[in-house]
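Visitor: Let me begin by handing over the structure; questions about it come next.
The values are calculated or read from the model by the stated rules, or taken from the named source; none is laboratory data. For clarity, every value in this text was computed on a predicted model and none was experimentally measured. Cβ atoms come from the backbone with ideal geometry, glycine included; neighbour counts cover every protein chain shown. Remember, those area values only see protein heavy atoms, side chains included, never the ligands or the DNA or RNA. Shrake-Rupley method; radii C 1.70, N 1.55, O 1.52, S 1.80 Å.
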Amino acid sequence: MKTMTFAGAIEDALMKAMSDDPRVVIFGEDVQALRMNLYAKFGEMRVRPTPISESAFLGAAVTAAMAGLRPVVEIMMIDFVAVAIDALVNQAAKLEVFSGGRWKAPMVVRASCGGGYGDGGQHEQTLWGWLAQVPGMKVVVPSNPADAGGLMLSAIEDEGPVLFMEHKLLADYWIDALANAGRINLEYDIPEAGARGEVPKTWEPIPIGEAKMLRDGDDLTMVSLGVSVHRCLQAAEELAKSGVHAGVIDLRTVTPLDTDAICRAVEKTDRLLVVDEDYKHFSLSGELAAIVLEAGLGAKFARVCVEDTIPFDRRREAQALPNVPRIVEAATKLVSR
Amino acid sequence: MQPNAEGLYRQMYKSRRFEEAVTQLWNDGHISAEMHLSKGEEAIVAGVLDHVMDGDALALDHRASAPMVMRGIDLALLLKEFMGLEGGLCRGMGGHIHLFSPEHLAASSGIVGATGPAACGFAIAAQHLRPDKVAVAFFGEGAMNQGMLMESINLAAAWSLPVIFVCKDNGTAVTTSSADVTAGDLLTRARGLGAHAVSVDGTDVDEVWSAARDAFVRAREGKGPMFLHATCVHPEGHFLGDPLLRMVRNPVRELRSKVGPLIKAATTGGSSLSERAVSLGSIAGMLGRARETQKHTRDDPIERQRQRLEISDAQRDELERAVDDEVQTAVAAALRGLEAQP
Ligand SMILES: Cc1ncc(C[n+]2csc(CCOP(=O)(O)OP(=O)(O)O)c2C)c(N)n1
């Protein structure tokens, strides 16, 4: 059995992809430090530290991809993509349709995301629903090392723009740099199985757009992604003690959404609980309600999401992010409806 | 007009002592996440803020402690905010990277470059509502590569907005040497965008003060923006617990797990040998710069100003003691606030 950290798995998959394919290049801020091993191995032509010019280098990644490279371009935190959003919304996402299907931009945007360490509402967002809304974008959000490595390979192989989001609570180096920063007196609710876990002997791409059923349950279906998947699994354990059997689906991909897997599960349980670290309104959770309705299922629905700007204060932050008590409470209400 | 040496010293000393208290609270785990200090920038902030009057606006970056302290914001309110308490400046909702004081028209943002547009908007409002008032934007040299800041300098120059763009240049953005990713020269760049531009030693508060005086006079007279470039050092690196500084301060502990994979990566294929050697060279260079950073105590702006004071040692001690008391009182209030937290 081989185990890796979440970040280690991504690096290992990138090592493989970059060794196999000279077109794969990385650019982003501080990559000589953040991706030190890749930088040492592949040199500065392939791992390029950038100026703090997101609109320039994200925009450049689009045409670099159009002209034959396979860029993996880094936005340090997904919050910062806001300064460069044109490159994705108006350029990369439009290309395939605008060119009549004749031109694509095979690029990966790698970004950290998520909260749980007291960094405030401008550095802890997830924004995946917002970015997934634009046709032409794919968005993946792995919850464990095996999925992270496999999805990174697929993202690189994909012919279009893929946003690859790495939750900071899962990636040890982000917690080390941003949260602990050398301190040992603070605690973070890090899901162990997400931060380190078994990985395949050799990396195989995991298809984008395939959700994974992690736990069966007849009473309700929880659908989640990223760190919240682990909160759901923990909540499902607790619910089981009081005789409520909750299934858990890890979406893994926001878009394209695995509508079939979701509808199949919900058809059986008649109850859908979405647990999403993204904003509640105009969101992924709303989209999931819509697809179930469109499929003609009359399921009962509830959601545990982030409802407002994330507070800096860690005590209030913990309440704002989906947590086990909130999930258990919502599930209990849902099954009694 | 001459700068008031004691007044400036007092401001810088207060900011430094405040940040020492912040460092302690952060070390004790009472302050979360990325604590960026103004330490090393005090002379720049003091020299500029000395010209600020009510009605002037401040657009602040992620190093907002010194400007907030020197603008006279209550220290306990700031500490409580840093600790995420309900009684903080922004009710514990914004935190140290996102500080706001509407009474002082002071607003900060953690988005690099965002202070450019922010200052322009404050200046536009001043043109309509507060004649003779100006807006100041603080940012690092790394932000000079952010498009919105370049657009803002042009906007301010084209519209003759009363903006003072203060570029605090420590040469490094997180781990990246700004020289490696910045083409041309910043003064020429600012001039190309139509701003008046000067450069000063940002560890010398007199130099900053004089350059800032000209900038404020010009701006208040409606002569448009000034780009004030000031060099400095960040002895604590990017933020408290900076990974690079930890590596150079405690190489055995911090590098142990990193060296093996690095050597393996660099010696098992990949690009050409010479390219890999260049990479290893720049990694070593990055650590070398970090080591230099913390040695720069001789450039300490506060020590420099302390040497220049023309008051007796007893008077200086009294000044310092008064500030120490003010900071201690604020810390005590903040800790009481923490205990009272449900
Ligand atoms: C748009 C954006 N990109 C990246 C970051 C991450 N980041 C925070 S501070 C910083 C470096 C800023 O360097 P500089 O402007 O020189 O200021 P300094 O920190 O050196 O004072 C970076 C890259 C950010 N906050 N916002």
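Visitor: With the checklist (1) touching a strand residue (DSSP E or B) at 6+ places or on another chain (Cβ under 7 Å); (2) open to solvent by 30 Å² or more (accessible area, probe 1.4 Å) in hand, flag the one item B:T23 doesn't pass.
Guide: With respect to (1) touching a strand residue (DSSP E or B) at 6+ places or on another chain (Cβ under 7 Å); (2) open to solvent by 30 Å² or more (accessible area, probe 1.4 Å), B:T23 is out only on (1).
Visitor: May I ask you to say which residue of A:T3, A:T63 is part of a helix (DSSP H, G or I) and more than 12 Å from every other protein chain (Cβ to nearest Cβ)?
Guide: When all the criteria are applied, what remains is A:T63.
Visitor: Among the residues of the stretch B:79-115 satisfying the criterion of being among the hydroxyl-bearing types (S, T, Y) and surrounded by fewer than 24 Cβ atoms within 10 Å (Cβ to Cβ), which is farthest from the ligand (Cβ to nearest atom)?
Guide: B:S101
Visitor: How many residues are touching a Phe, Trp or Tyr at 6+ places or on another chain (Cβ under 9 Å) and under 16 Å from A:V244 (Cβ atoms) when one looks only at the stretch A:296-337?
Guide: Residues in the stretch A:296-337 being touching a Phe, Trp or Tyr at 6+ places or on another chain (Cβ under 9 Å) and under 16 Å from A:V244 (Cβ atoms): 1 in total.
Visitor: Being hydrophobic (A, V, I, L, M, F, W, C) and outside any helix (DSSP H, G or I), is that true of even one residue in the stretch A:9-19?
Guide: Looking only at the stretch A:9-19, we keep the residues that are hydrophobic (A, V, I, L, M, F, W, C), and these are A:9-10, A:13-15, A:17-18.
Those left that are additionally outside any helix (DSSP H, G or I): none.
No, the stretch A:9-19 contains no residue that is hydrophobic (A, V, I, L, M, F, W, C) and outside any helix (DSSP H, G or I).
Visitor: Among helices (runs of 4 or more DSSP H) lying entirely in the stretch B:261-342, which contain 2 or more residues that are of a type in the set (G, A, S) and under 29 Å from the mean Cα position of the chain (by Cα)?
Guide: Output list reads B:273-293, B:313-340.
Visitor: Taking only pairs six or more apart or across chains, which ones have beta-carbon atoms under 6 Å, a first residue in the stretch B:237-255 that is facing another protein chain (nearest Cβ under 10 Å) and open to solvent by 30 Å² or more (accessible area, probe 1.4 Å), and a second residue that is part of a helix (DSSP H, G or I) and of a type in the set (A, V, I, L, M)?
Guide: Hits for this filter: B:P243/A:A177.
Visitor: Tally the residues that are within 15 Å of the ligand (Cβ to nearest atom), of a type in the set (D, E, K, R) and in contact with a strand residue (DSSP E or B) (Cβ under 6 Å, 6 or more places away or on another chain), restricting the search to the stretch A:52-83.
Guide: Going through the stretch A:52-83 one residue at a time, the tally reaches 1.
Visitor: Is the stretch B:48-58 home to any residue that is under 28 Å from B:A211 (Cβ atoms), within 17 Å of the chain's Cα centre (by Cα), in contact (Cβ under 8 Å) with a residue 12 or more places away in the chain and within 14 Å of another protein chain (Cβ to nearest Cβ)?
Guide: Within the stretch B:48-58 (the criterion being under 28 Å from B:A211 (Cβ atoms), within 17 Å of the chain's Cα centre (by Cα), in contact (Cβ under 8 Å) with a residue 12 or more places away in the chain and within 14 Å of another protein chain (Cβ to nearest Cβ)), the answer is no, since none of the residues qualifies.
Visitor: Further, regarding this structure: Can B:R189 be described as farther than 27 Å from B:D242 by Cα, of a type outside the set (V, I, T) and within 16 Å of the ligand (Cβ to nearest atom)?
Guide: yes
Visitor: Does B:T172 satisfy the criteria of being crowded, with 21+ Cβ neighbours inside 10 Å, β-branched (V, I, T) and at the interface with another protein chain (Cβ under 10 Å from one of its Cβ atoms)?
Guide: Numbers: crowded, with 21+ Cβ neighbours inside 10 Å: yes; β-branched (V, I, T): yes; at the interface with another protein chain (Cβ under 10 Å from one of its Cβ atoms): no.
Spelling it out, it is not the case that B:T172 is crowded, with 21+ Cβ neighbours inside 10 Å, β-branched (V, I, T) and at the interface with another protein chain (Cβ under 10 Å from one of its Cβ atoms).
Visitor: Taking only the stretch B:59-101 into account, find how many residues are part of a loop (DSSP other than H, G, I, E, B) and within 13 Å of chain A (Cβ to nearest Cβ).
Guide: 20
Visitor: Sticking with this structure for a sec: Being crowded, with 21+ Cβ neighbours inside 10 Å and more than 14 Å from every other protein chain (Cβ to nearest Cβ) narrows it down to one residue among B:A143, B:A158, B:A137, B:A118; which is it?
Guide: From the options B:A143, B:A158, B:A137, B:A118, the qualifying one is B:A137.
Visitor: Specify the residue that is least open to solvent (accessible area, probe 1.4 Å); the eligible residues are those in the stretch A:159-213 that are over 23 Å from A:E74 (Cα atoms) and within 14 Å of chain B (Cβ to nearest Cβ).
Guide: Filtering first and then ranking leaves A:R183.
Visitor: Do we have B:L193 as away from chain A (no Cβ under 14 Å) and farther than 20 Å from B:A135 by Cβ here?
Guide: no
Visitor: Let me ask you something else. Quick check: anything in the stretch B:185-193 open to solvent by 30 Å² or more (accessible area, probe 1.4 Å), hydroxyl-bearing (S, T, Y) and either under 24 Å from B:L49 (Cα atoms) or outside the structural domain of B:Q24 (by TED's automatic domain parsing) (or both)?
Guide: No; the residues of the stretch B:185-193 include none that is open to solvent by 30 Å² or more (accessible area, probe 1.4 Å), hydroxyl-bearing (S, T, Y) and either under 24 Å from B:L49 (Cα atoms) or outside the structural domain of B:Q24 (by TED's automatic domain parsing) (or both).
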